[in-house]
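Participant: Sharing a structure below in C-alpha cells format, with a few things to ask.
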Amino acid sequence: MVFHLVFRLASIPALLLWLMAVPLQAQGLLRDADIEYGLKQLATPILSAAGLSPSRVKILVVNNASLNAFVVSNDAIFLHYGLINKLQSAPMLQAVIAHEAAHIANGHITRRMTNLASARTAAGLGTALAVAAAAAGAGSAAGGIALGTQSSAQARFFKHTRAEEAAADQSGIRYMKAAGVDPQGMADVLSIFRGQEVLSESRQDPYLRSHPLSRDRFRAVEGFVAAYGNTGAPHADAAYWFARVKGKLSAYTRAPKWTLRRVNETPYADVRLLREAIAEHRQSRTKQALRAIDAAIAQRPSDPFLHDQRGQILLETRNFAAAAAAYGRAVQLAPNDALVLSGYGRALLANDDIKRARQALEKARTIDFRDGSMLRDLSVAYARSGQTGMAALVTAERYALTGRLEDAGIHAKRAVGLLPEGSGSWQRAQDVLIASERAEKRRR
Ligand SMILES: [Zn+2]
C-alpha cells in the first residue's frame, strides 16, 4: 500500500539516496491491490446497470480522512478513505458508487470537459488533466492524482448543481435496484450528513460541497427508496468484500490498538487475520504479523492479495529474498494485476535483481500508470541498469501525474536529450515537455 511509503523509506537504505530527492506528496491515492479488487467486486453490478464498463471505470481511494467522493473524468470514481471508514454496509458503499456512476452516465462530466476550454477559472485544472493524459500516452486516462488536492477553482468546477444531484440520486437508485442491491443504502448514506445542510460550507463535510444537499433532496431520496422497495436478501459476496475493503483500509488508517480491540467484530476469519497481521506489522511485531498472515493464507491459499500482503510485511522488515518469493507467488495467482506486479518489482529491486525488477515494473506501468510509487521504483530500476534517459522520462511522467509541471519539464528535457530521437520514449518525453512549457506560458 502506497500509504506506507514513509515506513518503506526508512527500511530500505539502499534506495534512500534516490528517494530523498523526492519530497513526498501531501496527498495522493492509496493504491492497494486487495482493496481495489474488493471495490471492483462491489462496483461491477452497479456499473453494468449504469451501462458503464466495469473494466474501464476504476474505483480509486484518495488518501484523505475527510468524507468525500467525486468524479473528474469518465474513467474513474474517487472515494476518500474517510468516507469508506464511515460506511456501515455494502449497500451504502454501492450507493456512493451508484451516485458517482450516475454523474458519469448522465453526462455531467462530459459537459464539464466540453466547457473546460473556455473556463478561464479552471485553467490550472485543465493543465493538470491535459498533462495526466499526455503522460498516459492515451487520451482518456486523465484520472489525475493531482486532483485529490482541491484548489478553490477545482472545488467550484466540480460542484454539482441541485438538478444534477437529483438526477444522480434517482439514476443511482435505479442502478441499485437493477443490480439487486437494497436502495435503502442511498438513504443511509445521506443520513450521515443529515443536519449539515444548514451549516456554512466551511463547516460541512467536503462531500456536501461537491454534492449539495437539501431537505428536498433527502425527501426525494426517501420517496424513491420507498417506491422501489427492498430487494430482499443481502448479497453474501458483497458483504464479504465490504468487510474486507473497510477492514483492511481501517487497519491501515486507524491506530493499531483500535484495530486489535475490534478484530473480533469481523464475521470472516480470514479478514480478522488480515487485520490482525496489519495491526501487528504496524507495531513492528513482525513474528505476530507473519503468524496472522500465514493463518489467513491457510484459509484462502490461492488468494493473491494475501500473498501480496505477506510480501509487503517481509519487504518492509528487510527480508528481501523472502519478500520477492511471496510477491512472486502473488504474481503467479494474479499475473495482470498492476499493483501486485509493482510490489513484486519493488521487492526484486530491493533484492538487487534489477533486470527482473525492471521487467515486472514495466509490465505494471503498461497496465496502469497511475501509481507514483511504481514509477519511482521503475526510474530507480532504469538508473541502476544504466538507462538514464528512461529513468529521466519516468521521473518526468511521475511529476506530471502529480501536477508538478516545472519539475516534470526539467526531467523531460533531460530525457529528450538522452533518448534516441524519434523513438516512442523520446516522443513520450516530448509530450511532457510540451505540456510543461504550455503550463509555464499560462503562468506568465
Ligand atoms: Zn453528486
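The values are calculated or read from the model by the stated rules, or taken from the named source; none is laboratory data. Just so it is clear, the model here is predicted, and its values are computed rather than measured. FYI the Cβ positions are ideal-geometry reconstructions off the backbone, even for glycines, and counts take in every protein chain you see.
Participant: When the residues of the range 321-380 are narrowed to those that are surrounded by 19 or more Cβ atoms within 10 Å (Cβ to Cβ) and hydroxyl-bearing (Ser, Thr, Tyr), which ends up modelled with the lowest pLDDT?
Facilitator: Ser373
Participant: Check off (1) assigned to a helix (DSSP H, G or I); (2) farther than 24 Å from Leu29 by Cα for Arg346 and give me the number that stays unchecked.
Facilitator: Of everything listed in (1) assigned to a helix (DSSP H, G or I); (2) farther than 24 Å from Leu29 by Cα, Arg346 misses just condition (2).
Participant: Something else now. Answer yes or no: is there a residue in the range 394-411 that is farther than 30 Å from Arg438 by Cβ and surrounded by fewer than 24 Cβ atoms within 10 Å (Cβ to Cβ).
Facilitator: No; the residues of the range 394-411 include none that is farther than 30 Å from Arg438 by Cβ and surrounded by fewer than 24 Cβ atoms within 10 Å (Cβ to Cβ).
Participant: Yes or no: Gly82 in a loop (DSSP other than H, G, I, E, B) and away from the ligand (no atom under 16 Å from the Cβ)?
Facilitator: Details: in a loop (DSSP other than H, G, I, E, B): no; away from the ligand (no atom under 16 Å from the Cβ): yes.
No.
Participant: Next question. Could you check Arg356 against (1) in contact (Cβ under 8 Å) with a residue 12 or more places away in the chain; (2) assigned to a helix (DSSP H, G or I); (3) out of contact with any Ser or Thr (no Cβ under 7 Å at 6 or more places or on another chain) and say which number it fails?
Facilitator: Just one mismatch for Arg356, condition (1).
Participant: Please count how many residues of the range 412-430 are surrounded by 22 or more Cβ atoms within 10 Å (Cβ to Cβ) and among the acidic types (Asp, Glu). Before the answer, list the steps.
Facilitator: The first filter runs over the range 412-430 and keeps only residues surrounded by 22 or more Cβ atoms within 10 Å (Cβ to Cβ), leaving 412, 415, 419, 428-429.
Retained after the next criterion (residues that are among the acidic types (Asp, Glu)): none.
Result for the range 412-430: 0.
Participant: Only one residue in Gly51, Gly139, Gly126 is assigned to a loop (DSSP other than H, G, I, E, B) and either crowded, with 24+ Cβ neighbours inside 10 Å or modelled with pLDDT under 85 (or both), so which one is that? Step through it out loud before you land on a result.
Facilitator: Details: Gly51 fails: either crowded, with 24+ Cβ neighbours inside 10 Å or modelled with pLDDT under 85 (or both); Gly126 fails: assigned to a loop (DSSP other than H, G, I, E, B).
Going through Gly51, Gly139, Gly126 in turn, the sole match is Gly139.
Participant: Let me ask something else. Do the conditions hold for Val245, that is, is it under 24 Å from His108 (Cα atoms), among the β-branched types (Val, Ile, Thr) and either free of Cβ contacts under 8 Å to residues at least 60 places away in the same chain or crowded, with 16+ Cβ neighbours inside 10 Å (or both)? Break it down into steps so the answer makes sense when it comes.
Facilitator: Details: under 24 Å from His108 (Cα atoms): no; among the β-branched types (Val, Ile, Thr): yes; either free of Cβ contacts under 8 Å to residues at least 60 places away in the same chain or crowded, with 16+ Cβ neighbours inside 10 Å (or both): yes.
So Val245 does not fit the description; no.
Participant: Quick one: in the range 278-322, of everything that is among the charged types (D, E, K, R) and within 23 Å of the chain's Cα centre (by Cα), which residue is nearest to Arg244 (Cα to Cα)?
Facilitator: Just the residues of the range 278-322 that are among the charged types (D, E, K, R), to begin with: 280, 282, 285, 287, 291, 294, 300, 303, 308, 310, 316, 318.
Okay, now just the ones that are also within 23 Å of the chain's Cα centre (by Cα), so 282, 303, 308, 310, 316.
Numbers: Arg282: 18, Asp303: 13, Asp308: 15, Arg310: 16, Glu316: 22 Å.
So, considering only residues that are among the charged types (D, E, K, R) and within 23 Å of the chain's Cα centre (by Cα), the one nearest to Arg244 (Cα to Cα) is Asp303.
Participant: For the range 197-214, give me the residue count where each residue is more than 13 Å from the ligand (Cβ to nearest atom) and either assigned to a helix (DSSP H, G or I) or buried (at least 22 other Cβ atoms within 10 Å of the Cβ) (or both).
Facilitator: Counting residues in the range 197-214 that are more than 13 Å from the ligand (Cβ to nearest atom) and either assigned to a helix (DSSP H, G or I) or buried (at least 22 other Cβ atoms within 10 Å of the Cβ) (or both) gives 5.
Participant: Follow-up question, since we're still on this one. For Arg194, indicate whether it is more than 30 Å from Pro304 (Cβ to Cβ) and either within 15 Å of the ligand (Cβ to nearest atom) or in a loop (DSSP other than H, G, I, E, B) (or both).
Facilitator: Numbers: more than 30 Å from Pro304 (Cβ to Cβ): yes; either within 15 Å of the ligand (Cβ to nearest atom) or in a loop (DSSP other than H, G, I, E, B) (or both): yes.
Taking the combined requirement at face value, the residue satisfies it.
Participant: What are the pairs with Cβ atoms under 6 angstrom where one residue, in the range 318-342, is assigned to a helix (DSSP H, G or I) and the other, located anywhere, is acidic (Asp, Glu) and modelled with pLDDT under 95? Sequence gap at least six, or different chains.
Facilitator: Ala338/Asp368; Ser342/Asp371
Participant: Out of the residues in the range 151-182 meeting the condition of being more than 16 Å from the ligand (Cβ to nearest atom) and touching a helix residue (DSSP H, G or I) at 6+ places or on another chain (Cβ under 6 Å), tell me which one is modelled with the lowest pLDDT. Outline the logic, then answer.
Facilitator: Residues of the range 151-182 more than 16 Å from the ligand (Cβ to nearest atom): 151-153, 177-182.
After this cut, where a residue has to be touching a helix residue (DSSP H, G or I) at 6+ places or on another chain (Cβ under 6 Å) as well, the list is 153, 177-179, 181-182.
Numbers: Ala153: 50, Lys177: 93, Ala178: 93, Ala179: 94, Val181: 94, Asp182: 93.
Here the answer is Ala153.
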